[in-house]
1. Could you give the size of the charge dipole of region 91-203 about its Cα centre, using +1 on the Cβ of each K and R and -1 on the Cβ of each D and E, expressed in debye and rounded to the nearest 20?
2. Nearest 5 percent is fine: what portion of the DSSP beta bridges confined to region 4-226 is antiparallel?
3. Starting from the Cα-Cα distance between ARG127 and ASP93, subtract it from 0.36 nm times their residue separation and give me the gain in nm to one decimal.
4. Please report LEU155, LEU182 as a ranked list, fewest other C-beta atoms within 10 angstrom at the top and most at the bottom.
5. Could you order the peptides 133-145, 205-217 from most to least packed, using the average number of other C-beta atoms within 10 Å per residue?
6. Could you check the simple spin-label distance between SER14 and ASP70, using points 7 Å along Cα→Cβ, in nm with one decimal?
7. Would you mind classifying region 4-226 by shape? Square roots of the alpha carbon gyration tensor eigenvalues, ordered a ≥ b ≥ c; an a/c under 1.5 is rounded, otherwise it is prolate if a/b is larger than b/c and oblate if not.
8. Work out the length of the dipole vector of the chain about its Cα centre, built from +1 on the beta-carbon of each Lys and Arg and -1 on the beta-carbon of each Asp and Glu, and round it to the nearest 20 debye.
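Since every read-out is calculated from the coordinates, none of them should be taken as a lab result. Just so it is clear, the model here is predicted, and its values are computed rather than measured. Methodologically, a virtual Cβ is constructed for each residue, glycine included, from the backbone with ideal geometry; neighbour enumeration extends over all protein chains shown.
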Amino acid sequence: MVNSSNRRPVTAVSPNGLAALLAVPVQPSGIVVFAHGSGSGRLSPRNNEVADRLHEAGIATLLLDLLMADEEEERANVFDIPLLASRLAGAVDWLTGLPAVKHLPIGYFGASTGAGAALLAASGPDRRIRAIVSRGGRPDLAGARALARVEAPTLLIVGGRDTPVIALNRAAMRHLHCPTKLIIVPGAHHLFEEPGALDAVIGHATRWFSSHFEEACDAIVDQATLR
């Protein structure tokens with residue numbers, strides 16, 4: 001397993017100089033950028049566990065703080081979805097300038113409010129995002145218009161006991177026109193702390209990213225063949 005001490009610290013993810021942890025396995029199939037929930041960041045234990053397992057599956061990961069330390073002091077920033085979305089988009093621009101990963105398909109893994117930011121970031125004209133996974137997320141926070149513009153296949157994972165968030169995810173699905181799937185993990189609450197709950201999330205997320213990254217790579221090969 002790759003733990004946070006084995007990841008390469010990055011302290012200047014442009015354009016905002018955000019602190020981050022980057023892990024790139026040998027011959028990665030894609031890279032996943034994490035969008036953390038309110039009050040969380042690159043050191044989130046749950047997201048680090050997800051990142052470890054994605055890395056084991058051959059997927060690169062970028063865990064980053066979406067806010068600077070002084071910005072976190074202003075509570076409103078934690079829930080400023082457009083601001084967080086702009087930071088994600090900036091991180092994607094930064095990644096595409098790194099030789100080791102610039103050729104890789106990109107995905108977002110959003111938790112809680114971070115899911116809304118990820119979907120909003122993926123709703124713009126830039127189509128580099130090839131897959132999105134939401135863990136206990138609030139996709140509704142992206143807004144109906146933004147959700148309708150998302151093209152990346154989106155997987156929504158919610159705990160079976162997280163009743164209000166199940167309803168919000170189902171409502172958001174009505175606005176998503178991309179390939180979308182909702183998975184409810186039986187017996188799990190919002191944080192997926194129950195035995196086996198986070199393992200279920202990781203299994204679903206890994207399969208989703210692996211499948212859609214493979215499709216993206218196949219499409220690139222097909223395009224190159226036609227030239």
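1. For this selection, approximately 400 debye.
2. Bridges in region 4-226 are about 25 percent antiparallel.
3. Fully extending the segment from ARG127 to ASP93 adds 11.0 nm.
4. So the residues, fewest neighbours to most, are LEU182, LEU155.
5. Packing order, densest peptide first, comes out as 133-145, 205-217.
6. Each label point lies 7 Å from its Cα, and together they span 2.2 nm.
7. rounded
8. Rounded to the nearest 20 debye, it is 480 debye.
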